Amino acid sequence: MLTSLYRAWLDADWKSQSDFVDDVIATAKRDVDIKPSDGNLDGVARNLISIFEPGGSLGTAAKAAELLSENERVLCGSNCRVLTDLRPIFSADITKNPKSAVIQHVLKIAFHDAGEDIKEFYVAMDGDDVRYLQNLFERAIEKEHTLRSSLSGAGIAVVGQDETEES
């Protein structure tokens, strides 16, 4: 919510944080559902002004989120899957048990399109394809690690996207 407020402040081109916060507080005062438990909207206003401080962490996070989502399609990782099937190969006489089979993996890729709708598509793969993609991803992870090390050495923080170490 705060990131959205910050983006609204930037997009509407308010002259100052305090002007924007004054408008937010005035709106909150008119809306009976938006009241802090202690009723102190002045404290909320002070907190918002400090949060919207130029160059602060909220602004950096808002800009990072915007940069990460500026592509036409953005992966929706929580909806992606790999489905693995065993496909029997029947002989000409389909009444006889199959003597061979193939293993097929189907990669389901879900993504947000430019309109923010979630869409998906499926790609069939064999084990060699999976290993090829695994090598590509391992290479991407190594490149990211190298970039993170370089940026850290230069005193530049990478926003969001925490690097997770596998155990």
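The values are calculated or read from the model by the stated rules, or taken from the named source; none is laboratory data. Note that the coordinates shown come from a computational prediction; the quantities given were computed from them, not determined experimentally. So basically every Cβ, Gly included, is an ideal-geometry build from the backbone, and we count neighbours across all protein chains shown.
Couple of notes before you dig in:
- Residue in region 130-139 that is over 30 Å from residue 24 (Cβ atoms) and either under 19 Å from the mean Cα position of the chain (by Cα) or modelled with pLDDT under 95 (or both) present: yes
- The set of residues in region 101-134 that are among the hydroxyl-bearing types (Ser, Thr, Tyr) and touching a residue at least 12 places away in the same chain (Cβ under 8 Å) contains only 122.
- Cβ pairs under 8 Å, 6+ apart, first in region 143-158 and closer than 21 Å to residue 63 by Cα, second among the basic types (Lys, Arg): 158/148
- Complete set of residues in region 142-160 that are of a type in the set (A, V, I, L, M) and under 17 Å from the mean Cα position of the chain (by Cα): 158, 159
- Within region 96-117, the set of residues being assigned to a strand (DSSP E or B) and either among the charged types (D, E, K, R) or surrounded by fewer than 11 Cβ atoms within 10 Å (Cβ to Cβ) (or both) comprises 100, 108.
- Residue count, region 40-87 (criterion: in a loop (DSSP other than H, G, I, E, B) and not charged (D, E, K, R)): 9
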